[in-house]
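The values are calculated or read from the model by the stated rules, or taken from the named source; none is laboratory data. It should be emphasised that the depicted structure is a prediction, and the values quoted were computed from it without experimental measurement. FYI the Cβ positions are ideal-geometry reconstructions off the backbone, even for glycines, and counts take in every protein chain you see. Side chains included, ligands, DNA and RNA excluded: accessible areas come from the protein's heavy atoms. Shrake-Rupley method; radii C 1.70, N 1.55, O 1.52, S 1.80 Å.
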Amino acid sequence: MIERVRGLFAYFARVVPFRIKPAIITTLVLFTLLLLPVPAGLTPKAWALVAIFLTTIVAIILKVMPIGVMAMMAMTIVALSQVTATSSKAAIADALASLSNPLIWLIVVAIFISRGLKKTGLGSRIGLLFIALLGRRTIGIGYGLAVCELVLAPFTPSNTARGGGIVHPIMKSIAGAFGSDPAKGTERKMGTYLALVNMHANPITSGMFITATAPNPLVVDYVAKVTNQSFHLTWTSWALYMLLPGLICLLLMPLAIALLSPPEVKATPDAVDYARGELKRMGALSGGEWVMIGTFLLLLVLWANVPAMIFGKAFELDPTAVAFLGLFALIITGTIDWDDVLSEKSAWDTLIWFGALVMMAEQLNKTGVIAWFSNLLKSGILASGMGWQPAAALLVLCFVFSHYFFASTTAHISAMMLAFLTVGLQIVPPDFHIPFLLMMASGSAIMMTLTHYATGTSPIIFGSGYVGLGLWWRVGFVMCVIELLIYAVVGNLWWKVLGLW
């Protein structure tokens, strides 16, 4: 009998697609949370949803199963437990609702489009051009990617389209040219470093211009509301206020990541000659490459809302609709085919796991969990009697690091920012209102660094396999703290020079 039991356990250990010890820990976390008393101000269902969400995050961190499987499990539990609805039909509709989210499809379509860079060879050509210009050291290539982000940021309202759809394929091509490939186990040669630079340049540039990411106009609106329209951020004033701290973040970021995750290949003395030789061997641009260039130019013009600037708001197009147009153009020209779309596993995997996290974040907001947390924080600060400086710092930190509970910056800002700004202006003396507001505005972009689901760019880069989950979260936390400190010190000094306080 004992031998049979041992054999059964051995069988499960061999064939079951989850790691048993992390699975046991995750299960204990779930039941512990469910057994805790429901906090005042939350319904039992809302608390159960919190437990499911936190357990899912723990399971992802501990790598119980592939992230897509964990996401599917979370969706299944939400549907069966009916924590978001009063019927099974409504619960499964809630669980699947985010799969129609335009942001998620923007991510998925961006991955499909990036396949065309590899198939046509344009990605390799662009990578070789970067190597020829900046390739004497890996860190130089990192700065090239950061500059590329900065140049595109003022004209690309979708940070996902910019970082994931334009810069990331270039980064992959450069890494591939040096034989740095996750499929071969060589991602640490330089791909991991470049992927992290690709990711962390994106939030920095997103915070430097109103038009660099979709939620920024919402931030402008909230700042105007809480100040009764007395402080309104224009495109020019936002860019001026964020210029110096943003540039310093961008200057230091590749160096910081080189310390946090150093590439194995640091000096590439022969890279320039190699790149020039390969470019000569490739010859003139092929027809497919010209189609890719034309498609990217079309996407860039439409993502930058150029038609709307010229002809009026009626010609403004949603970034996801533009992405589908680009994908359709590639398919009907034969640049990629339908089999390419079907075989892009990372895109379909992202659709499931990112969709599940977005769904739970949206439901946390709908069930009142986020509002409960905001009110709890407000009451705690007012009751503590702490000075306004630590209270203001606490508000900024709580707002930024609560992004661990969100898979969308727009959802996070919509749910919490107005409440945090309102509380802050009640605590902070009037002479210091503007620096507090600007710290909150910068934090709304900096928080994108934290997780692999923090913004639309994250799952695209994470899905390419160059950066492991633990490294992603460690580097994300450190870079978030560094950038907040830069804005707190350099930013406030810069705003003092500009006469804002």
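The table below lists the values:
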read-out	value
Residues (of a type outside the set (V, I, T), in a loop (DSSP other than H, G, I, E, B) and farther than 30 Å from L233 by Cα) located in the range 180-211	S180, D181, G185, M190
Any hit, the range 243-262, residues being over 26 Å from G191 (Cα atoms) and outside any helix (DSSP H, G or I)	no
Top-ranked residue in the range 357-378 [being in a helix (DSSP H, G or I) and among the β-branched types (V, I, T); ranked as modelled with the highest pLDDT]	V369
Count of residues meeting criterion [within 23 Å of the chain's Cα centre (by Cα) and on the phi > 0 side of the Ramachandran plot] in the range 41-75	1
Pairs, first free of Cβ contacts under 8 Å to residues at least 12 places away in the same chain in the range 321-338, second open to solvent by 80 Å² or more (accessible area, probe 1.4 Å), C-beta under 9 Å, six or more apart	I331/W338
Qualifying residue in the range 296-310 (condition: outside any helix (DSSP H, G or I) and out of contact with any strand residue (DSSP E or B) (no Cβ under 8 Å at 6 or more places or on another chain))	yes
Test: residue in the range 384-391 that is closer than 30 Å to E264 by Cα and of a type outside the set (S, T, N, Q)	no
Single unsatisfied condition, G465 versus (1) modelled with pLDDT under 95; (2) open to solvent by less than 20 Å² (accessible area, probe 1.4 Å)	(2)
Residue check, Y241 open to solvent by less than 50 Å² (accessible area, probe 1.4 Å), touching a Phe, Trp or Tyr at 6+ places or on another chain (Cβ under 8 Å) and under 20 Å from P435 (Cβ atoms)	yes
Unmet requirement for A183, which otherwise passes all of (1) of a type outside the set (V, I, T); (2) under 24 Å from A275 (Cβ atoms); (3) in contact with a helix residue (DSSP H, G or I) (Cβ under 7 Å, 6 or more places away or on another chain); (4) modelled with pLDDT of 85 or more	(3)
Yes/no for A347 being under 30 Å from G465 (Cβ atoms), touching a helix residue (DSSP H, G or I) at 6+ places or on another chain (Cβ under 6 Å) and either open to solvent by 60 Å² or more (accessible area, probe 1.4 Å) or among the aliphatic types (A, V, I, L, M) (or both)	yes
Among (1) closer than 22 Å to G456 by Cβ; (2) within 20 Å of the chain's Cα centre (by Cα); (3) open to solvent by 20 Å² or more (accessible area, probe 1.4 Å) - the single one V358 does not satisfy	(3)
Qualifying residue in the range 420-436 (condition: touching a residue at least 24 places away in the same chain (Cβ under 8 Å), farther than 30 Å from G499 by Cβ and buried (at least 24 other Cβ atoms within 10 Å of the Cβ))	no
Single unsatisfied condition, F401 versus (1) within 23 Å of the chain's Cα centre (by Cα); (2) at pLDDT below 90; (3) over 29 Å from K172 (Cα atoms); (4) not aliphatic (A, V, I, L, M)	(2)
Qualifying positions in the range 190-227 - modelled with pLDDT under 85 and out of contact with any helix residue (DSSP H, G or I) (no Cβ under 8 Å at 6 or more places or on another chain)	D221
Set L299, L317, L233, L285: member being modelled with pLDDT under 95, more than 30 Å from V467 (Cβ to Cβ), surrounded by 18 or more Cβ atoms within 10 Å (Cβ to Cβ) and not polar (S, T, N, Q)	L233
Residue selected from the range 244-276 under the condition more than 30 Å from A212 (Cβ to Cβ) and of a type in the set (V, I, T), by the criterion most open to solvent (accessible area, probe 1.4 Å)	V265
Selection count, the range 302-313, where residues are farther than 24 Å from G116 by Cα and either open to solvent by less than 100 Å² (accessible area, probe 1.4 Å) or charged (D, E, K, R) (or both)	5
Wholly enclosed helices (runs of 4 or more DSSP H) of the range 1-115 bearing at least 3 residues of a type in the set (V, I, T), touching a residue at least 60 places away in the same chain (Cβ under 8 Å) and buried (at least 18 other Cβ atoms within 10 Å of the Cβ)	44-61
Hey, A214 of a type in the set (G, A, S), within 30 Å of P435 (Cβ to Cβ) and not in a helix (DSSP H, G or I) or not	yes
Positions within the range 205-219 being open to solvent by 10 Å² or more (accessible area, probe 1.4 Å) and closer than 23 Å to C249 by Cα, in sequence order	F209, I210, T211, A214, P217
Entirely in the range 443-501, the helices (runs of 4 or more DSSP H) that have 1 or more residues that are of a type in the set (V, I, T) and within 20 Å of the chain's Cα centre (by Cα)	457-463, 469-486
Filter result for the condition that a residue is touching a residue at least 60 places away in the same chain (Cβ under 8 Å), among the small types (G, A, S) and open to solvent by less than 30 Å² (accessible area, probe 1.4 Å), over A407, A415, A441, A454	A441
